[in-house]
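See structure below.
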Amino acid sequence: MTYAKDFSTSELMGAAVARHIRNDDVVFIGVGIPLMAGIVAVATHAPKAILVYEGGGIGARTRRVPWTISDNPTTDHAIAATQMWRVFSDQQRGLITLGIIGGAEIDRFGNLNTTVILGAEGTYSRPKVRLPGSGGANDIASSAGRLVIMTRLQKGKFVEPIQYVTSPGYLTGPGAREKAGLRGKGPVMVMTEKCTFGFDEETKEMYLQTLHPGSDLEDIKQLVGWDLKISPDLKETEPPTEEQICIMRNFDPLGFVLGSKSSSKIETFDE
């Protein structure tokens, strides 16, 4: 195994999420970097993992980049081409072992808001910002066996308290998911463009797990809206391997998903 020396932030994130996909996983993925993670995992250490798309494609093996959750590549050489209601009902039955979702706001217990930003004086009916809503995210967060969250680490996104719970993490802490009757076990990682977070097994609280190359610990702490816990074994995020980079770039040669900047030149919000 040889680590790559030059890679983009997106490639680093894709490789790191791919390592969370097991060979026996049934993975609910979307387009973008989660898709790249699934492609890398299936092509390397998890050839038997089954990728499931919200549009109904199950187990596709494609060389084309899907633009939506129901684009043609989501059913290339697939096990099944079914419908959205079917894959979500399979998930509620406990057949999805790993889900990958994102969010606009997140709190220390991994609860996500993709519904509404209230602002200082806003209300639900007249908010500062109206967001897209849940889509399938609540279903995935509630029912998938494990959950990986992908979001940007920016001021005002990691907040306490969260303004609206669209998709449940660990709700109010230990035992809360079980009390609410949720089938899934909750989030295991939060992936950002600067670092990764894990969750304490006892307290269910988020903690800083690894730093991406070029990231600064104090800068990260300033962007989190609570007293962030730091892993006593804090390390640099494991870089992608040359094999992982080759797979991602062959799949996305024009950089529509991956971009083209190295990890030392992290994209700004505007970019």
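Here are some notes:
- Other-chain or far-sequence residues with amide H under 5 Å of residue 186's (modelled H): 147
- Peptides ranked, highest mean first, by Cβ atoms within 10 Å: ranges 242-253, 213-224: 242-253, 213-224
- Solvent exposure of residue 207, expressed as accessible area, is near 60 Å², computed with a probe of 1.4 Å over the protein chains only.
- Expressed as a whole percent, the accessible area of the chain that falls on carbon and sulfur atoms is 51 (1.4 Å probe).
- Sum of side-chain charges, residue 180 neighbourhood, beta-carbon under 15 Å (Lys, Arg +1; Asp, Glu -1): +3
- Take region 32-108 with all the other protein chains still there, run a 1.4 Å probe, and you get 44 Å² of accessible area per residue.
- Neighbours of residue 28, meaning other residues whose beta-carbon lies under 12 angstrom from its beta-carbon, give a summed charge of -3 when Lys and Arg score +1 and Asp and Glu score -1.
- Under the Debye formula (equal points on every Cα, no solvent term), log10 I(q)/I(0) of region 152-271 at q = 0.17, 0.18, 0.20, 0.23 Å⁻¹: -1.02, -1.09, -1.21, -1.36
- Normalised Debye scattering of region 9-50 at q = 0.17, 0.24, 0.31 Å⁻¹ gives log10 I(q)/I(0) of -0.35, -0.68, -1.08, counting only Cα atoms as equal scatterers and leaving out solvent.
- Between region 213-234 and region 107-158, the alpha-carbon center distance in angstrom: 21 Å
- Evaluated at q = 0.07, 0.10 Å⁻¹: base-10 log I(q)/I(0), Debye formula over Cα of the chain: -0.24, -0.49
- Fraction of antiparallel bridges per DSSP, the chain only, in percent to nearest 5: 45 percent
- For the chain, relative contact order (Cα pairs under 8 Å, six or more residues apart, normalised by length) works out to 21 percent.
- The length gained on full extension between residue 83 and residue 67, counted as 0.36 nm times the residue separation minus their Cα-Cα distance, comes to 4.0 nm.
- Dipole magnitude of the chain about its Cα centre (Cβ charges: Lys, Arg +1; Asp, Glu -1), debye to nearest 20: 640 debye
- Of 169, 101, 78, farthest towards positive along the dipole that unit charges on Lys, Arg, Asp, Glu beta carbons give the chain: 78
- In summary, the aspartates and glutamates within cross-link reach of residue 155, defined as a Cα separation below 17 angstrom excluding same-chain residues under 8 places away, comprise 105, 107, 193, 216, 218, 219, 227, 267, 270, 271.
- Ordered by solvent-accessible area of protein heavy atoms (1.4 Å probe), largest first, the residues 85, 226 come out as 85, 226.
- Local net charge near residue 101, Cβ-Cβ under 11 Å (Lys/Arg +1, Asp/Glu -1): -2
The values are calculated or read from the model by the stated rules, or taken from the named source; none is laboratory data. Values in this document were obtained by computation on a predicted structure and should not be read as measured data. Neighbour counts run over all protein chains shown; Cβ positions are idealised from the backbone, glycine included. These area figures cover heavy atoms from the full protein model, side chains too; ligands, DNA and RNA do not enter into them. Shrake-Rupley method; radii C 1.70, N 1.55, O 1.52, S 1.80 Å.
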